[in-house]
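The values are calculated or read from the model by the stated rules, or taken from the named source; none is laboratory data. Keep in mind the model is a prediction, meaning the values are calculated, not measured. Positions of Cβ are backbone-derived with ideal geometry, glycine not excepted, and every protein chain shown enters the neighbour counts.
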């Protein structure tokens, strides 16, 4: 593949499908949240439907309190970085959350059985907006961008200073 340009367009659907398969193959991801001048990170177990990421947490935990006031979050697994918006859905046992809970329960049945019934447990949905992955092509490193808002995928050289 000849990549001499600063930026090369990629097939949006193929790039998206590659990320979906990557996320489906794993069950833990690092979540970053921020409020005021403090950024915190932690690992959460998750399930996905397409690119949407679902996880559970106690409603009183710092990550939930931060999301309540700043819904912008980041997720990272290996060299895949996701910027998105989090939505606190409420109890995984609420009827309105059944479809989300089933997604989580199917992938992580032990986690669901062990935590979903605990009072104060909430389910969170993260809707990705932008994804960047490091990829190797012909012994060189590139950053693959997936701009979900503009339905655009493109590749940039790693050493390009505009990242």
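The single condition among (1) over 11 Å from residue 54 (Cβ atoms); (2) in contact with a helix residue (DSSP H, G or I) (Cβ under 9 Å, 6 or more places away or on another chain); (3) buried (at least 18 other Cβ atoms within 10 Å of the Cβ) that residue 90 does not satisfy is (3). Of the residues that make up the stretch 21-31, is at least one part of a loop (DSSP other than H, G, I, E, B), surrounded by 13 or more Cβ atoms within 10 Å (Cβ to Cβ) and modelled with pLDDT of 95 or more? Within the stretch 21-31 (the criterion being part of a loop (DSSP other than H, G, I, E, B), surrounded by 13 or more Cβ atoms within 10 Å (Cβ to Cβ) and modelled with pLDDT of 95 or more), the answer is yes, since at least one residue qualifies. Condition first: more than 23 Å from residue 116 (Cβ to Cβ) and assigned to a loop (DSSP other than H, G, I, E, B). Now tell me which residues in the stretch 69-100 satisfy that. Scanning the stretch 69-100 gives 70, 78, 79. Filtering the stretch 49-63 down to residues that are under 16 Å from residue 108 (Cα atoms) and surrounded by 20 or more Cβ atoms within 10 Å (Cβ to Cβ), which residue is nearest to the chain's Cα centre (by Cα)? If we take residues in the stretch 49-63 being under 16 Å from residue 108 (Cα atoms) and surrounded by 20 or more Cβ atoms within 10 Å (Cβ to Cβ), then 53 is nearest to the chain's Cα centre (by Cα). Applying a threshold of 7 Å to beta carbon distances and a minimum spacing of six or more residues, or different chains, the list of pairs starting in the stretch 98-112 at a residue that is over 12 Å from residue 56 (Cα atoms) and ending at one that is at pLDDT 95 or above and assigned to a helix (DSSP H, G or I) is empty. The single condition from (1) surrounded by fewer than 13 Cβ atoms within 10 Å (Cβ to Cβ); (2) farther than 22 Å from residue 123 by Cβ; (3) at pLDDT 95 or above that residue 37 fails is (3).
When you check residue 82 against the structure, is it modelled with pLDDT of 95 or more and surrounded by 19 or more Cβ atoms within 10 Å (Cβ to Cβ), yes or no? Answer is yes for this residue.
Annotation: of all residues in the stretch 136-163 being assigned to a strand (DSSP E or B) and more than 25 Å from residue 72 (Cα to Cα), the one that is modelled with the highest pLDDT is 142.
Scanning the stretch 101-134 for residues that are over 16 Å from the mean Cα position of the chain (by Cα), within 18 Å of residue 52 (Cβ to Cβ) and not in a loop (DSSP other than H, G, I, E, B) gives 101, 102, 105, 106, 111, 112, 122. Candidates 68, 95, 7, 83: the one that is more than 14 Å from the chain's Cα centre (by Cα) and within 27 Å of residue 157 (Cα to Cα) is 7.
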